[in-house]
Structure formats: C-alpha cells, structure tokens
Amino acid sequence: MRYFRVLATVALIASSASLLAQQAEQAAGSEVIEEIIVTGTGVERTGFETPQSVAGFNEEDLRSFTSSSQADIMTQLPGISAEGGGGEVATNVFHRALPSGGQFSFTPLLYDGMPAFTTFGLNSSAFDVYFRNDLGIERSEFVSGGVSNLFGPGSVAGIINYISAVGGPEPAGTVQLEAAEEGRFRGDVFFSGPVGGSGSDTFYAFSGYFRNDEGPLNSGLDTQGFQLRGNLRHEFSDGSGAMTVYTQLIDDSVQFFLPLPVDGQTRERVSGNDGAEVFTMNTVEAIGLGYDTPGGRFQTPIGDGVLTEGYMIAAVLDRDITDEWSLNAKLRYASYDHQFNLFLDGDAIGPNTPETQSEYLARRGIALAFHGNAQFKYVQSGMDLAAGDLVFGNRTLDRWRNASDMSVEASLGREIMIGDSVHGLTVGGFFANSQADDINYITTYLGDFRNAPLLVDVHLMGVIEDASGSLVAAANPDAVYHWTRNGLARSNGMTGNRDRSARRAAFYVADQIEAGNWSIDVGARVERLEGDVKQFNTSAHVMSNDPSVSNNIEIVSYTNGSLTSDSLDATEWAFSAGALYRLNDSVNLFANASRGFFFPQIRSVPFNQGELASYEGEIIDTIEAGVKYETESLSAQALFFLSTLDDRRNVDFINDPNNPGNIIEDVSVQSTEAYGIEASAIYYLNEHVALNGNITLREHEFTKAEGNPAIVGNELRRQPAEMANLGARFNMNGFDGLLMYNYHGSNFANDSNSVELDSYGLWRLEAGYSFMVGNEDMIRVSLHVFNLTDTQGITEGSPRQGNAQSGQPAQFFVGRPILPRRTSLRISYDF
C-alpha cells in the first residue's frame, strides 16, 4: 500500500510542474526576498536557485526554540525525524531513513560553516553536547545532497549549519528572561555593534545564557550552567572581504532521561508505590554511590548529568585576493572536558521492569528457602517496604569523554566566463585532528518503584556466605547478609577505558555553472582518514576492605595494566552532479545525484588477536529530483529521493547476554535502501497570516545484515514511513501567535521489528504581545506551551534490550514517552 502511495505522489509531483507554471504566469513581476545560501558553496545563490533541497529557519523561528533541544528544531524539517525525549542534548536525528542510532551520525552539525566536532564515532556522544543555541544565532540552513556537501567536513546526506549574527554599524541588543513550570529559569543576552563608534570597520557580537532547571522531569537533579559566545569581525577598508574571529566558553550540565517502565497495554505512564505518576527513574538518591577499586575509591558523578566544560576559538578569512581569485580560510580549535552520565533502563537481570520483592530475590539466585529471611528497607529512613511494594534494579553509566578537536579548511575560488556560461570554480582542502577519551563505569543499585526512586537495602537475616560463595543458613540467627548496602548492589566497575584519535585530510574541487536558464554543479572529493586506538584492558579484581563484614568481598572490574593498541586507515572518494532548470520566473526543476561515503565509527572496529579489524568506507548513493515554486505569496518544493547505503557498521549499546549487568557495544554490518517523497510549502495568506507545512512519505528496508539475515526486508528501526508538520503564524497590531503540529508515524523500536511504536502528534503553541518603549526599543511578552495536549507518544523502546525486546502485551513496557506538557513565560527587551 505504501509503495503505491509513494508512486502516486511522485506522479503528482511530475504533473504539477505544468500547473505551477500556469499559476506563475498570474504572479509575474512579483519579487521574492530570500537569504543567500552560504553552506558549502562558492557562488551566491538563494535556496530557490540551488539544484538541491534546502530548508532552514530564520531568527524569528529559532527564537521560538531558544530553550529547547535540537530535536524541537530539526523535527520541523522535511525528511528528518528527531527525538528529544532525553532532554536538551543527545538529540537523535534520522535523515531519509539512513540506519542510525541517531546522534547526527550522517548529518554533521556546523556553526558558521565549521564543525561542532569533526569526527563522529570516537565515542558515542552526539555533536550537540558541545554547543547550545542562543540568541546569537541569526538563522539556520539544512542542505541535503548535491555539491555543497563536498565542502568542509563533508556529508552527501546533509549538513546542518547555524549562522551567527554579526555586529553592524549601530549598537543593538536583546535581553530575554524565561520562567517555566518545574522550576526553570533562564536568562539570555545578545549585544552587537561597532568597535570604536561610528565609522568603524570592526564590529562585535556577544551572546550567552545562564539557566537552572529542576525539570522537565523532577528527579531532584538539576540542569544548570551557562554558555558565552562571541565574534569580532573586521571588514577590509578596500571592500575585499572580512576577517572574523569566533569564540565560545561553555560550562553546562544537563540531565538526560532514558526509557522507563510504562503500562504494557496503553503504553502510558503508570503510578508508583506512592500512588503518584512515574515520569523518570533518575533519582537524587544515587548521588554518592561508590565502591573501592584498585585505583582508589570510585564515586558516581551521576548528579552532573551530561557535563561539558571547555572552549572553542576559530578564525575565518573571506577575501578577494586579486580581481579574479578569492580565498576562504577557516581555522578552529576546541577543547572540552566532557562527561556523559546517565541512568540506564534497568539492571539487565530479568525483564528490566518493576518486580515484586519475591521476584527480585528469585531472579538473582537467592534460594526460595531464604525469601522469608529477607527484609527490604528504605536506606534513608530504615523503614520496611510494604509487602506489595515493587522494586526496580537499575544502573548508572558514567562516561568520561574529554576531547580536543582541530580543523583547518582553505579554498580558492575563481569566476570564469566560457562562452555564455559563468563558471564558479572552487578548489580546496580540509584537515582535522581529533582525540577523545571513552572511559565507562557501571554502578548497580536497587530502588523502589516511584518517580525518582528511593534507595532500598535487602538484608537476609540469619544468612551468611560460605567459602564457595554460596548462601547458607548461619549458626547465629542474628547474622545479617547485606545483599545491597546503602542501595549499592555488587556488579560494578570499569567496563571500558579507551583513547581514540583520528586525522582526516581531504581535497575537493567543484564547478558551479550558470548558463542561461541552467544552473549546473559538478564536484568531487577525495579523503583519507588515519586513526589510532588505545585500549586499556580490564579484568575482575577482588576487593575486601573490612574483614569484620561477612559479605564485603566484591568483584570489581578495573584496568589490569595491560594495553592493546593499533592503527587503521582508509581512503575514499565522492562525486556529485546536479542541475536546475528555470522553467519560468516562478518554477525551477532540479535533480542531483551523488556517490559518497562515510568512514565507519572508529569505536565500531574491534580488536581481533591484538589487531584492529578491517576498516573500509561505507558507500552511499543518493538521487533526488523535484520542482521548486516561488511567488510573492507562496514558496513550495516537492521532490523524490532514493538512497542506498552499503556495509554500514552500526553500533548499539546493549545488555551483555554473557555477563548480566554489563553493557557492551554490539556491532552489526548492514546495507539499506530507502526511497520516498518530500513536499513542503509556506503560504502568506496576507500580511498578517502565514501557513506552512511539509510531508514525508517513504519506504525503507534492510538489504543485507551480516550475522542476522532474518532482518533482511525489515523496516529500519525508529524510522516512520509517514511524517508531517503544519504551522500557522499570526502577527497584527503587536499581537503574534504560532501554532505548530508535528505528526510522527508508527515505526518499529528495533531491527527485528518485534516492537511496534504507535504514531503520535505533538502540538506547540506560542503567543505574544509586543509594544514600543520610546522611539526604538521594544518589549515582547510571550507564552510558550510545549506538548499542548500532553500526549504520551512513545519515541523509542529499550535500546539496551535491542532486538531482544518483546512487543507482546505484558504488565509493563519499557519505552521513552514524549516529555510532558510544559508552559513557559518569556519577556524580551530589544534595544
């Protein structure tokens, strides 16, 4: 059925070109003012004139999402599904059904044309952990396919680029305050202007924020921190270009939320032991959990959440060096102390769902004869749990991921006339050197089942552990065996300690041609990656620090002093060609095709007998073709796309089936195919009302799966076949409003397609009133509501269970609901 729907829509796109042309004749003479696209291009074109699909947001749009995650922005784009249920960072971004765990793996995240981090896969942190959006962002561009994506870090799938505001000849600024439910406060500032007063050739822009947030899910752990960004731009007096220096300083901690047990039938949130609704398994009581290791005492930093402390500095030179040649050069360096600390979705013993007290004992091998000896007590109060109270074994995963990143890009451009054609030639190179740690600790504990669980101790009365490690009845009936102590269970330790680095060197060339009604792009890129991996091997260590306690002996995983290291390398090439034909002033037809590559995530390459496994590029082929239509009141685009990806090394963090409680990186080699249509439009009904929308319909499947051929023909996980967005914006007499609806179609939570997730719709609302203060200043008061209808759609299942998760009805299901409704109030002062 979906196949025929896609074909029908493609036919509709083809037939619509002539109809649009007829409509355009009625709109002849209208003027359209559109931003020049700057992402990866050597010529000046608007999105309407580029032979590839382009989408983006202006400053007004982005201000609506200042305090939200990248997901709230990205999910509004055609062809993109994005999940932000985990909070402000680590957004899962899926583009055109390419197989991914999310995390920008196919879509590099750029700021001012420079990567937030150049090499993906040194660890699993997403690019958005290093940057936060603020009032200093002027607009964003998303360029998919075509020659533009051969520049910079490169990705034929697509590039996301945020463009910073720069200073102008007049001083200007904005101060914004925000308060929201669940104890959120945020303050933003933006200042810009000339350095040295009127007539200066040098301009500054500065932006930053500070926020403290006790939500959006109340666990007792706060999201808090700040970021400062700025740029200094000097325009050369001869008009030949400019030099801009960018900088960033960040110290920000964000709480991250994984899936939790919900109702197995309705898949909505359930009530906990205290009768209140359960929103998160994160808990402030986990702060301070620790244990001894051969390297000293380990204490979980879980209270810090996703912590990023560091800086970035960059310089961009854009100058005409002669009448014929222009130079664009970028130099960037960043250094971050980064941790990604999170609560997992269960302890991997049993179904990862709440258990009765007897179920908890039985699943951990405690003999039935001792169940009557067990006492379940709250750690803080010492009180007994009620007999019917449920418990939930869980883990924290603490990951140290300090990273440094340097990149250099330089390109020469020249415009040449050949006959009646204008050729914009670009020749350039890109080099990057990146390094990142990947040190992981697991801490296992027991809590009760409620929102922000309370820690629980299990005491086995009259029980001891004999020399063989078995539990036996004690001669002394007052003896106490502590199955958990201060909530801490006994499966803990370091699960990985690796240092990975990568050096990338690329050369690219492009010719962007203007010839009459034609715009033609042709380009190629050759790149080499060299990487190093150092793995500090771990093994089990016996720890015993208090002989007076019968069961204090613990087996802790930790480094054993041995090191395994090796290097890898690969060279790949990409080629892209595209063309756009101007049918008339309002209708353009375009098409492009690319053969590209992705270098596999270095973390996906295992050691085999002391040497890294083979390392080769993952090949992607893409085609898109469509029509663009633009008049004074209507801008629209519709296209067909096809993409194939071969030999993708997919990496998942799953529960270790051979070592319960541990986490392993599971690597699978997959090939996929996807095709479909995307259509988008914005219509200005009048000077006060604008309507916009987009729709994506697609088919996708696995065409190869090494080691798991049963999934061939299955749909890709977390990739809905249907997605849509609708929006309406109103502005009149100082009043403004924005209503948005996002539809996310049904999809599967895993590759085995054993768990289907229902479709859902998400509404957002913003309403404001602006008024003048004096002759030039303005104040705007606005109300923003996220998830207006408080829907509880499930965005993902249990990633730790992966293909082992069952979709069959049960008491509980482990999934991540959309974040609940939240209302915020903002006051902005523009001067």
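The values are calculated or read from the model by the stated rules, or taken from the named source; none is laboratory data. Owing to the predicted nature of the structure, the values given are computational and were not obtained by experimental measurement. Cβ: placed from backbone, ideal geometry, glycine included. Neighbour counts: every protein chain shown. Surface accessibility is based on the protein's heavy atoms, side chains included, excluding ligands, DNA and RNA. Shrake-Rupley method; radii C 1.70, N 1.55, O 1.52, S 1.80 Å.
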*The listed residue being over 30 Å from Tyr441 (Cα atoms) and in contact (Cβ under 8 Å) with a residue 40 or more places away in the chain, out of Asp478, Asp521, Asp499*: Asp521
*asked:* For the structure I just gave you, tell me whether Leu716 is open to solvent by less than 40 Å² (accessible area, probe 1.4 Å), at negative phi and not aromatic (Phe, Trp, Tyr).
replied: yes
*asked:* Any residue that is open to solvent by less than 60 Å² (accessible area, probe 1.4 Å), within 29 Å of Asn123 (Cα to Cα) and of a type in the set (Phe, Trp, Tyr) - is there at least one of those in the stretch 394-412?
replied: no
*With the condition kept exactly as written, say whether any residue in the stretch 57-66 is in contact with a His (Cβ under 8 Å, 6 or more places away or on another chain) and modelled with pLDDT under 85.*
yes
*Among the numbered criteria (1) closer than 30 Å to Asp320 by Cβ; (2) touching a Phe, Trp or Tyr at 6+ places or on another chain (Cβ under 7 Å); (3) open to solvent by 10 Å² or more (accessible area, probe 1.4 Å), which single criterion is violated by Asp72?*
(1)
_Unmet criterion (only one of (1) within 30 Å of Gly393 (Cα to Cα); (2) of a type outside the set (Lys, Arg); (3) surrounded by fewer than 16 Cβ atoms within 10 Å (Cβ to Cβ)) for Gly487_ = (3)
*Of (1) surrounded by fewer than 16 Cβ atoms within 10 Å (Cβ to Cβ); (2) within 22 Å of Val270 (Cα to Cα), Asp389 satisfies all except one. Which?*
(1)
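So is Ile779 out of contact with any Gly (no Cβ under 7 Å at 6 or more places or on another chain), over 30 Å from Gly173 (Cβ atoms) and among the hydrophobic types (A, V, I, L, M, F, W, C) or not? Lay out the reasoning, then the answer.
Working: out of contact with any Gly (no Cβ under 7 Å at 6 or more places or on another chain): yes; over 30 Å from Gly173 (Cβ atoms): no; among the hydrophobic types (A, V, I, L, M, F, W, C): yes.
For Ile779, the condition - out of contact with any Gly (no Cβ under 7 Å at 6 or more places or on another chain), over 30 Å from Gly173 (Cβ atoms) and among the hydrophobic types (A, V, I, L, M, F, W, C) - is not met.
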*asked:* Give all pairs with beta carbons closer than 7 Å in which a residue from the stretch 193-219 that is among the aromatic types (Phe, Trp, Tyr) meets a residue that is at pLDDT 95 or above and open to solvent by 30 Å² or more (accessible area, probe 1.4 Å); count only pairs at least 6 apart in sequence or on separate chains.
replied: Phe203/Val166; Phe203/Val195; Phe203/Arg233; Tyr204/Val195; Tyr204/Leu232; Phe206/Phe191; Tyr209/Phe226; Phe210/Phe226
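Determine which member of the set Thr823, Thr789 is β-branched (Val, Ile, Thr) and either open to solvent by 60 Å² or more (accessible area, probe 1.4 Å) or not in a strand (DSSP E or B) (or both). So that I can check it myself, show each step before the final result.
Details: Thr823 fails: either open to solvent by 60 Å² or more (accessible area, probe 1.4 Å) or not in a strand (DSSP E or B) (or both).
Result: Thr789 is the single residue among Thr823, Thr789 that is β-branched (Val, Ile, Thr) and either open to solvent by 60 Å² or more (accessible area, probe 1.4 Å) or not in a strand (DSSP E or B) (or both).
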*asked:* I want to confirm something. Restricting to the stretch 434-475 and keeping residues that are farther than 19 Å from Met383 by Cα, of a type in the set (Val, Ile, Thr) and in contact (Cβ under 8 Å) with a residue 40 or more places away in the chain, which single residue is surrounded by the fewest Cβ atoms within 10 Å (Cβ to Cβ)?
replied: Ile464
*For the stretch 121-176, name all the residues that are surrounded by fewer than 21 Cβ atoms within 10 Å (Cβ to Cβ) and among the hydrophobic types (A, V, I, L, M, F, W, C).*
Ile163, Ala165, Val166, Ala172, Val175
_Which condition from (1) open to solvent by 30 Å² or more (accessible area, probe 1.4 Å); (2) in a strand (DSSP E or B); (3) touching an Asp or Glu at 6+ places or on another chain (Cβ under 6 Å) is the one that Met243 breaks?_
(3)
*Within the stretch 815-829, is there a residue that is out of contact with any strand residue (DSSP E or B) (no Cβ under 6 Å at 6 or more places or on another chain) and more than 20 Å from Gly87 (Cβ to Cβ)?*
no
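Are any residues in the stretch 368-384 surrounded by fewer than 18 Cβ atoms within 10 Å (Cβ to Cβ), closer than 20 Å to Val463 by Cβ and either in contact with a helix residue (DSSP H, G or I) (Cβ under 9 Å, 6 or more places away or on another chain) or small (Gly, Ala, Ser) (or both), and if so, which ones?
The first filter runs over the stretch 368-384 and keeps only residues surrounded by fewer than 18 Cβ atoms within 10 Å (Cβ to Cβ), leaving 368-369, 371-372, 375, 377, 380-384.
Adding the requirement that they be closer than 20 Å to Val463 by Cβ leaves 368-369, 371-372, 375, 377, 382, 384.
Of everything in the stretch 368-384, those that are surrounded by fewer than 18 Cβ atoms within 10 Å (Cβ to Cβ), closer than 20 Å to Val463 by Cβ and either in contact with a helix residue (DSSP H, G or I) (Cβ under 9 Å, 6 or more places away or on another chain) or small (Gly, Ala, Ser) (or both) turn out to be Leu368, Ala369, His371, Gly372, Gly382.
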_Members of the stretch 595-607 that are open to solvent by 10 Å² or more (accessible area, probe 1.4 Å) and in a strand (DSSP E or B)_ = Arg595, Phe597, Phe598, Phe607
*Would you list the strands (runs of 3 or more DSSP E) that sit entirely within the stretch 653-752 and hold 1 or more residues that are among the charged types (D, E, K, R) and touching a Pro at 6+ places or on another chain (Cβ under 9 Å)?*
663-684, 689-705
*How about the stretch 608-637: which of its residues are part of a loop (DSSP other than H, G, I, E, B) and free of Cβ contacts under 8 Å to residues at least 12 places away in the same chain?*
Gln609, Ala613, Ser614
*Name the residue, out of Asn328, Asn341, that is out of contact with any helix residue (DSSP H, G or I) (no Cβ under 6 Å at 6 or more places or on another chain) and surrounded by 15 or more Cβ atoms within 10 Å (Cβ to Cβ).*
Asn328
*For the stretch 349-361, name all the residues that are more than 15 Å from Ser806 (Cβ to Cβ), under 36 Å from the mean Cα position of the chain (by Cα) and open to solvent by less than 20 Å² (accessible area, probe 1.4 Å).*
Pro354, Glu355, Tyr360
*Which number in (1) among the charged types (D, E, K, R); (2) modelled with pLDDT of 95 or more; (3) open to solvent by 40 Å² or more (accessible area, probe 1.4 Å); (4) more than 30 Å from Pro351 (Cα to Cα) marks the one condition that Glu776 misses?*
(2)
*Filter the stretch 83-92 for residues that are open to solvent by 10 Å² or more (accessible area, probe 1.4 Å) and touching a helix residue (DSSP H, G or I) at 6+ places or on another chain (Cβ under 8 Å); which is modelled with the highest pLDDT?*
Ala90
*Does Tyr629 meet the test of being among the aromatic types (Phe, Trp, Tyr), farther than 15 Å from Gly121 by Cβ and crowded, with 17+ Cβ neighbours inside 10 Å?*
yes
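Take the stretch 178-204 and flag every residue that is in contact with a strand residue (DSSP E or B) (Cβ under 6 Å, 6 or more places away or on another chain) and either open to solvent by 60 Å² or more (accessible area, probe 1.4 Å) or over 20 Å from Phe226 (Cα atoms) (or both). Give the steps one after another, and end with the answer.
Pass one, the stretch 178-204, residues in contact with a strand residue (DSSP E or B) (Cβ under 6 Å, 6 or more places away or on another chain): 178-181, 184-192, 194-195, 200-204.
The answer is Glu181, Phe185, Phe191, Pro194, Val195, Ser200, Asp201, Thr202, Phe203, Tyr204.
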